[in-house]
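Please treat every number below as a calculation from the coordinates, not as lab data. These figures come from a predicted structure and were not determined experimentally. Neighbour counts run over all protein chains shown; Cβ positions are idealised from the backbone, glycine included.
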Amino acid sequence: MEVPLLWVQNISKRFGGLQALSGVSFKLEEGELVGLIGPNASGKTTLLNVINGYHTPDSGWIRLRGERINGLSPFQIARKGVARMFQITHIFPRMSVLENMLTVGYAIGRIPAKSLVHRAHEILDQLSLRDWIYEPAASLSGGQRKLLEFGACFMAAPRLALLDEPFAGVHPELKAVMERFIQSYHAEGGTVFIVSHDIPALVSICPRLIALHAGVLLADGPTEQVIRDEAVLESYLGSYTPSEV
Amino acid sequence: MMEILVTGAIMGTFYAMLALGLSLIFGILKVVNFAHGEFFMIGAYTYAILTRTFGVTSFLAVLPAALMGIAAGLIVERLLMRPLYQRYMEWATLRDEYAVIVTFGLSLFLINLANQVFGPYQISGAGLVPLRERMQVGGVTLSTHRVLASILGASILLAAYLLIKYTYWGKAVQAVAQNRFGAAIAGIDSTRVSLIVFGISGGLAAVAGALLSPIFPAEPFAGAFPAVKSFVVVVLGGMGSLPGSIIGAYLLGILEQVGAVYVSYTYRDTFAFLVLILTLLLRPQGILGERVREV
Amino acid sequence: MRADWRVFNARDIGMVLRISFGAWRRQWLDLALTFGMLILAAILPLGIPSIYWQGVLTVTLVYALASTGWNILGGFTGQFSLAPATFLMLGMYTSALLVHYRGWPPVAGILATLPVTSVIGMVLGLLCLRLRGPYLALTTVAFSEITRNLIRFSYNFTRGDLGLSVPTLYGMEGNRLYYYYTIYLLNIAVILAVHLLMSSRVGLYLRSIRDDEVAAAGRGVNTVLWKTMAFTISSSICGLAGGYYVHFIGLASPEMGLLLQAGFIISMAVIGGMGTLGGPLAGAMLLYPLSEYVRRFGIQYMVIFSFLMILMIRFWKAGIYGTILNIMDRWVTSSGSAPALGSKYL
Ligand SMILES: Nc1ncnc2c1ncn2[C@@H]1O[C@H](COP(=O)(O)OP(=O)(O)OP(=O)(O)O)[C@@H](O)[C@H]1O
Ligand SMILES: [Mg+2]
């Protein structure tokens with residue numbers, strides 16, 4: 001365990017005149033469940049995009065189990081076991097729900113092809129998408145699409161799951177299902193990194209939180225400590241309203 | 001050198017008239033109208049037939065040509081473009097496909113319809129002044145028609161540009177181009193905006209077709225080359241950027257002249273494609289375009 | 001995303017060969033229906049004694065092949081190329097030039113179209129890697145116009161607009177039915193190959209790229225590789241069709257590379273049903289004979305077909321064959337164990 005699973009060092013990213021990330025560094029150990037919070041436009045999604053390989057950082061590096069991954073293409077990073085759930089839902093609308101799941105399974109290839117269909121059924125059962133399995137994903141509702149994307153994320157047994165706003169727009173009951181899913185995945189030793197504005201949910205499931213503000217890492221530590229942090233309170237929680245989108 | 005600049009600039013004016021409309025459409029719908037050249041063709045036919053067959057005075061014939069173009073634009077918008085923004089979400093993944101097929105199909109349809117109705121013959125319009133008249137511009141001898149046509153074209157272009165920049169509906173067009181949902185929330189009627197844009201685009205293209213028809217006669221394929229050139233222009237200038245498309249138009253007009261004179265006359269129409277491919281490879285967002293966020 | 005040679009790795013290439021038969025019920029149904037049409041196509045020319053119409057049917061299958069090729073790119077992968085006719089033309093000239101200048105037998109010329117047009121298709125694919133939607137369509141238009149002009153103006157080499165005459169495959173006196181069944185067999189081979197491809201995991205990759213390229217990359221799909229592959233495979237099929245065609249009509253001409261022809265090929269796939277195995281074949285069998293028929297009345301066939309294409313894409317996106325497939329699909333599923341299957345595959 002001496003090498004962290006994900007090691008982000010001094011990452012900066014600039015879009016034109018906007019410094020979206022400046023010098024962000026942190027480590028995720030194997031088997032951790034960590035939440036990322038921060039006000040809108042604080043760079044959370046950008047951070048995930050950089051980890052994922054959608055953006056190349058202007059400075060710094062990222063290592064996955066000691067191996068440098070910045071500079072690889074997104075699909076290569078995905079195959080190393082970094083799964084991603086997008087903030088704006090990205091599913092394959094003209095493929096059936098099952099095909100959506102299988103695509104991920106085959107493409108990443110971390111679990112044997114033979115067991116993929118079975119695994120897809122298992123996951124879809126848990127997310128109560130069973131009855132839609134042969135339906136084109138386009139016929140799902142917004143929340144269901146979110147669930148499908150969530151499921152697809154765990155399809156290939158990722159080492160690290162990066163979830164961007166998984167709970168937005170999902171029914172409280174299903175949210176509970178997702179939370180349970182995350183927790184059981186965590187209990188099996190999976191690493192999950194969740195971006196969310198749903199502080200109560202994060203507080204209840206994540207033992208550790210990281211807070212970003214204007215691209216700068218404000219706080220990183222045990223949940224209890226971070227949510228009491230002066231700077232975090234001022235920048236985010238103080239103005240936090242539970243009714244955000 | 002002066003000659004290249006002047007001839008290039010004259011062609012550039014007409015490219016700009018086409019490209020501005022194309023760019024406006026791309027701005028609000030994010031699609032390329034592959035049938036744009038056929039608006040040009042409609043203008044060319046209208047003008048050529050009016051002046052030749054019915055002997056209408058040249059200057060007067062430009063107006064009906066413009067009206068025909070505007071009408072064509074409005075009809076196309078009404079019948080074919082609605083799905084691109086109504087029921088927007090459902091169509092989100094299909095829209096590129098839909099737009100390419102529908103406009104490409106429309107282009108083929110109009111070309112072949114013209115071929116069916118008028119036959120593959122060329123009809124050249126009468127000049128604004130008799131075509132043999134010449135005049136001197138900056139030490140270069142040019143046909144008076146070309147000069148007058150490009151001045152007329154440029155003033156219409158300028159008028160359209162000012163209309164978009166400064167009137168209420170012009171601002172509405174810009175608003176929709178920047179953010180369709182935001183504009184809708186602000187109470188802008190995007191259907192009307194879209195109609196306006198197609199009307200302007202169709203009209204501009206048709207006037208260009210009319211003014212050029214004495215030089216490039218009306219025929220079924222008349223719109224093909226101008227359209228392709230204007231595609232190149234909007235890519236070069238940056239898709240959706242209006243100043244970009246005008247700068248791009250003059251740039252291409254001059255580049256082509258340079259190519260035709262110094263490189264090869266046979267391949268003069270092929271340079272545009274090279275410019276297109278190079279732009280897409282080297283600077284896909286064009287001179288003034290912006291990249292959009294994807295994830 | 002950068003085009004990066006490192007991304008072409010052995011694991012992916014090997015995957016083309018490994019077929020996995022999973023829950024691809026729709027694909028099998030598609031194959032069954034397509035074979036129904038192929039059986040019809042097998043007996044059709046026997047019932048038509050007219051040599052002229054046998055010739056028409058032969059050309060029909062040439063277009064069907066080209067349309068099937070385009071469908072891989074446009075229908076399954078969502079890369080809207082407007083250059084299928086250009087690859088047909090390139091196939092024609094590949095074989096014609098080899099036969100004319102090198103004295104190759106026509107069969108060798110036809111086979112040579114495969115590697116040649118694959119390579120050209122691959123290069124175009126790499127050029128288009130970062131482009132999508134309208135940008136891609138524009139680039140392919142540029143490519144096809146440049147190619148056509150090169151062929152037209154390289155007069156000394158290609159005879160330009162006059163065209164290059166070449167010997168036909170079975171000679172001028174050859175039995176028309178030989179020509180027909182040769183292209184028929186080529187169609188069967190290609191359709192089977194496309195079926196295997198599309199019901200393997202590669203089919204999933206291609207369709208995922210069509211639906212959402214960004215997400216596909218984020219989920220481990222090597223989009224660079226598969227897009228390039230789709231271009232390569234599609235172009236080589238169009239090229240093959242062209243290689244055969246030139247030795248049927250005996251003349252290679254740049255006319256074939258007109259955008260009009262591209263429109264014809266695409267309209268077949270659209271009217272038949274994009275993104276289905278049999279759609280292009282159905283479209284070609286419907287449209288090409290019809291085009292020959294209306295030509296007699298002095299009607300520009302593309303007026304009708306482009307109009308139909310617009311109507312179809314506007315109101316009936318699944319296409320004729322696609323709709324039949326959807327209905328059967330629903331019918332098969334609802335009588336089985338699984339829940340009702342939507343027809344919203346579009
Ligand atoms: N591709 C891009 N191009 C230009 N600017 C970008 C891009 N991606 C992000 N930005 C900018 O970077 C800043 C951070 O954006 P980001 O999406 O990371 O915020 P966020 O923390 O995820 O916010 P939210 O909570 O609203 O999702 C924003 O100001 C955004 O406009
Ligand atoms: Mg975000």
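Some points to look at:
- Residue-wise HN-Hα coupling along region A:127-139, computed from phi with Karplus coefficients 6.51, -1.76, 1.60 (Hz; x: Gly, Pro): 8, 6, 10, 3, 6, 9, 4, 9, 7, x, 4, 4, 8
- Note on region C:54-259: Rg/Rh from Cα positions, Kirkwood definition for Rh, rounded to two decimals, is 1.00.
- Per-pair calculated FRET efficiency, R0 = 30 Å: residue B:283 and residue B:184 via Cβ, rounded to 0.05: 0.40
- Cβ crowding within 10 Å, taken as a proxy for footprinting-reagent exposure, orders A:146, A:80 from fewest neighbours to most as A:80, A:146.
- Cα centroid of region A:137-163 to Cα centroid of region C:113-146, whole Å: 34
- Size descriptors for the protein assembly as shown (Cα atoms only): Rg and Dmax, in that order, 29.2, 93 Å.
- Stretch gain in nm, segment residue C:161-residue C:28, where the contour uses 0.36 nm per residue and the Cα spacing is subtracted: 43.4 nm
- Bridges between two residues of the protein assembly as shown, per DSSP, are antiparallel at a rate of about 60%.
- Here the 3J(HN,Hα) profile of region B:116-132, calculated from phi with Karplus coefficients 6.51, -1.76 and 1.60 at θ = phi - 60°, is 5, 7, 9, x, x, 8, 8, 10, 9, x, 6, x, 4, 10, x, 5, 7 Hz, Gly and Pro shown as x.
- Out-of-range pairs (alpha-carbon distance over 23 Å; input A:27/A:80; B:30/B:229; A:13/A:175): A:13/A:175
- Shielding of peptide A:91-102 by partners, expressed as the average count of other chain Cβ atoms within 10 Å per residue Cβ, is 6.
- Here the alpha carbons of region A:167-219 define both size measures, Rg and Dmax, at 12.2, 34 Å.
- The smallest convex shape that holds all Cα atoms of region B:2-221, its convex hull, gives 122 Å³ per residue.
- Average Cα contact separation per residue, chain B, under 8 Å, 6 or more apart, as relative contact order %: 37
- Summarised as an ellipsoid, chain A has semi-axes of 28, 21, 17 Å, derived from the eigenvalues of the Cα gyration tensor scaled by 5 and square-rooted, with the largest first.
- Ranking of A:103, C:94 by count of other Cβ atoms within 10 Å, fewest first: C:94, A:103
- Calculated FRET efficiency for the pair residue B:163/residue B:75, C-beta based, R₀ 25 Å, to 0.05: 0.70
- Residues in region A:195-226 that a label on residue A:59 would reach, taking backbone N under 16 Å of a point 7 Å out along Cα→Cβ: A:215-217
- Residue exposure sequence - B:39, C:264 - by fewest surrounding Cβ within 10 Å: C:264, B:39
- Note: relative contact order over chain A, using C-alpha pairs below 8 Å and six or more positions apart, is 25 percent.
- Efficiency of FRET between residue B:269 and residue C:173 - r from beta-carbon atoms, R0 45 angstrom, step 0.05: 0.60
- Between region C:77-103 and region A:19-88, the C-alpha centres lie 45 angstrom from each other.
- Dipole moment magnitude, nearest 20 debye, the protein assembly as shown about Cα centre, only Lys, Arg, Asp, Glu C-beta charged: 960
- When each of the peptides B:218-225, C:248-255 is scored by the mean number of other C-beta atoms lying within 10 Å of its residues, the order from highest to lowest reads B:218-225, C:248-255.
- Note: relative contact order over chain C, using C-alpha pairs below 8 Å and six or more positions apart, is 31 percent.
- Assigned charges on the beta-carbon of Lys, Arg, Asp, Glu; region C:54-259 dipole about Cα centre (debye): 320
- Karplus-derived 3J(HN,Hα) values for region C:198-208, using 6.51 cos²θ - 1.76 cosθ + 1.60 with θ = phi - 60°, are 6, 9, 9, 5, 4, x, 4, 4, 4, 5, 5 Hz; glycine and proline are entered as x.
- Over region B:95-186, all Cα pairs binned in 5 Å intervals from 0 give whole-percent P(r) values of 3, 10, 9, 9, 10, 16, 16, 13, 9, 4, 1, 0, listed from short to long.
- Residues whose amide H comes within less than 5 Å of that of residue A:213, counting only those at least five positions distant or on another chain, are A:218 (H built at 1.01 Å from N in the peptide plane).
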